[in-house]
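Input: a single structure, listed below in structure tokens.
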Amino acid sequence: MKNDYRDTVYGVPKKNIINEKKALEERIKIEHPKVKIIYNQINKKDSEYNKQFRNIYNNKCAYCGITTDVISSDLFEVDHFICESSFNGDSINAGKISNLVLSCKKCNRAKKDFIWSEAYSQRLNVDDDSITELFYRDEDYSIRIEQEFIADNIICSFHRKLKLDEEIRRLDYLLMSMYGFYNKYSDDKNIEKILKCIILLQKKRNEL
Ligand SMILES: [Zn+2]
């Protein structure tokens, strides 16, 4: 299987995001038969549905892969994958669970109302990992565009607009890897030394 640029080697096992989202939508419909816009239920901070939705994504941004290890859970949002403005006011369809993804604030704000043609919705699909065909993580931890898509305007714009090329993405990946290492070897007697380094690096990152 292809590497997923959003995961470190210490990542938790993937879930079937599409199926789990469908199941959550069914549950909401049964428990709240009058609800039309699923987004409003899932977007309610601290609600059970919001918590479940975050869990489906392993508390991880669907675009850049950052987790709650590195940034606070307050910095995660429910994003309309195909932006709301593309639905011409049809909030019910825009707010269907299949169009909602968990995003960090940085990616969500950067993406804003980025519009692509229909064919790209499948190419950029973050739930079935299609997006991992377009980008990869190089050995310096940068998120790069696969050679075959380097001339593709939409894919390049997506990469640039979501700021996947920024330096902080590398630092965040390093931190995610370090936290993963720490969790995996938490019984080792020397692990606290690593934790000291992680905390220092995290402090520096938060000052950026
Ligand atoms: Zn992100």
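The values are calculated or read from the model by the stated rules, or taken from the named source; none is laboratory data. In this text the structure is predicted, and so the values were computed from the model without any measurement. Backbone-built Cβ (ideal geometry, glycine too); neighbour counts: all protein chains shown. In case anyone asks, the SASA skips ligands and DNA or RNA and just uses the protein heavy atoms, side chains included. Shrake-Rupley method; radii C 1.70, N 1.55, O 1.52, S 1.80 Å.
Structure above, values below:
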| quantity | calculated |
| --- | --- |
| Residue check for Asp172: out of contact with any Asp or Glu (no Cβ under 6 Å at 6 or more places or on another chain) and closer than 30 Å to Gly89 by Cα | no |
| Failed criterion for Phe135 (all others in (1) touching a Ser or Thr at 6+ places or on another chain (Cβ under 9 Å); (2) within 16 Å of the ligand (Cβ to nearest atom) hold) | (1) |
| Selection count where residues are more than 16 Å from the ligand (Cβ to nearest atom) and surrounded by fewer than 13 Cβ atoms within 10 Å (Cβ to Cβ), scope segment 103-118 | 4 |
| Out of Lys29, Lys22, Lys45, Lys51, sole residue that is modelled with pLDDT under 95 and open to solvent by 60 Å² or more (accessible area, probe 1.4 Å) | Lys45 |
| Restricting segment 143-188 to residues that are in contact with a helix residue (DSSP H, G or I) (Cβ under 6 Å, 6 or more places away or on another chain) and of a type in the set (Ser, Thr, Tyr), the residue that is most open to solvent (accessible area, probe 1.4 Å) | Tyr185 |
| Helices (runs of 4 or more DSSP H) wholly inside segment 115-208 that include at least 2 residues being in contact (Cβ under 8 Å) with a residue 60 or more places away in the chain | 167-184, 191-207 |
| Enumeration of residues in segment 75-89 that are open to solvent by 60 Å² or more (accessible area, probe 1.4 Å) and modelled with pLDDT under 95 | Glu84, Ser85, Asn88, Gly89 |
